[in-house]
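The structure under discussion appears below in the form of structure tokens.
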């Protein structure tokens, strides 16, 4: 129960409260997410004869981090570790556990509280399972698709953990 005269205020993402110099919050989140994941996927198309995906994927990945609406340091910190993870994913399905580093970077850039870092657990567990299940590079597509699904689910779980308990219920009219 809320005291008389006090109204519940809907929870707002911490990053959504930041003043933006350009663009709109939702547009920048959508573009950043598409570039981060798209760059990661595009880079995986590289081979010894196809080197352009390395440059294009890395550039898209970095630009995606830089346009996310967040405090400046929260956009800059993820660039190097996440880009390194994207390159290390070229080694095959044994390295999908490293996607937890990229998810950690996402949680930092999205201003998530410490309790939401529990969401890293499923990605790490999937990575351990992927090491035992997918020993050959032929299983990379299945391993990468699975870790993407687990990481997206974990990011939503982290969002749910970030919300204060009082904001989950809708206020009575």
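A few remarks follow.
- Some residue of the stretch 120-134 being in contact (Cβ under 8 Å) with a residue 40 or more places away in the chain, under 27 Å from residue 164 (Cβ atoms) and surrounded by 16 or more Cβ atoms within 10 Å (Cβ to Cβ): no
- Residue 96, sole failed condition from (1) closer than 17 Å to residue 20 by Cβ; (2) surrounded by 18 or more Cβ atoms within 10 Å (Cβ to Cβ); (3) at pLDDT below 95: (1)
- Residue pairs whose Cβ atoms lie under 7 Å apart, separated by 6 or more positions or on different chains, with the first residue in the stretch 145-173 and at pLDDT 90 or above and the second not in a helix (DSSP H, G or I), are 158/112.
- Residue count, the stretch 42-66 (criterion: over 22 Å from residue 108 (Cβ atoms) and either in a helix (DSSP H, G or I) or modelled with pLDDT of 95 or more (or both)): 6
- Selection within the stretch 72-91 - closer than 15 Å to residue 44 by Cβ and either surrounded by 19 or more Cβ atoms within 10 Å (Cβ to Cβ) or without any contact (Cβ under 8 Å) to a residue 24 or more places away in the chain (or both): 82, 83, 84, 85, 86, 88, 89, 91
- Flag for residue 69 being within 22 Å of residue 113 (Cα to Cα), surrounded by 14 or more Cβ atoms within 10 Å (Cβ to Cβ), touching a helix residue (DSSP H, G or I) at 6+ places or on another chain (Cβ under 6 Å) and at pLDDT 95 or above: no
- Being in contact (Cβ under 8 Å) with a residue 12 or more places away in the chain, out of contact with any strand residue (DSSP E or B) (no Cβ under 7 Å at 6 or more places or on another chain), outside any helix (DSSP H, G or I) and at negative phi is true of residue 112.
The values are calculated or read from the model by the stated rules, or taken from the named source; none is laboratory data. Quick caveat: nothing in here was measured; it's all calculated off a predicted structure. Don't worry about glycine lacking a Cβ; one is built from the backbone with ideal geometry, like all the others, and counts go over all protein chains shown.
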